[in-house]
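What follows is a short report on a single structure.
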Amino acid sequence: MRVATLAALFLAASVGNAQTIQGKSGIELPAPPAVAKQPVTDTYKVAGAPDVTITDNFRYLEDAKAPETRAYIAVQNAYTQKYFDQLKALRASL
């Protein structure tokens, strides 16, 4: 149930950005689900050159079994389903 709770939190956060996206053929979607940034910075040594520093804000989502990742995937799937449902309705009206 923790995944469902986290998914609800992601969904609530994305509703706060309530901007509607208008697509072709009358398809409308809310703004995509929000995702928290948790920056991780790595510095790589390069022979004969300055070090290269890279910041990855979403590395924590790479752990497919983590509750936060599962929750985000659930919210993304629900968002995608809203789009697919509108395509089905559009197809049925043709």
For this session: For the range 14-21, state whether one or more residues are surrounded by 14 or more Cβ atoms within 10 Å (Cβ to Cβ), at pLDDT below 95, at negative phi and within 19 Å of the chain's Cα centre (by Cα).
Result: yes
For this session: Tell me, yes or no, whether the range 71-94 has at least one residue that is modelled with pLDDT of 95 or more and among the basic types (Lys, Arg).
Result: no
Problem set entry | Tally of residues being of a type in the set (S, T, N, Q) and either free of Cβ contacts under 8 Å to residues at least 12 places away in the same chain or assigned to a helix (DSSP H, G or I) (or both) across the range 50-91 | 6
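The values are calculated or read from the model by the stated rules, or taken from the named source; none is laboratory data. Note that this is a predicted model, so its numbers are computed, not measured. Glycine also receives a Cβ, built like all others from the backbone with ideal geometry; neighbour counts cover every protein chain displayed.
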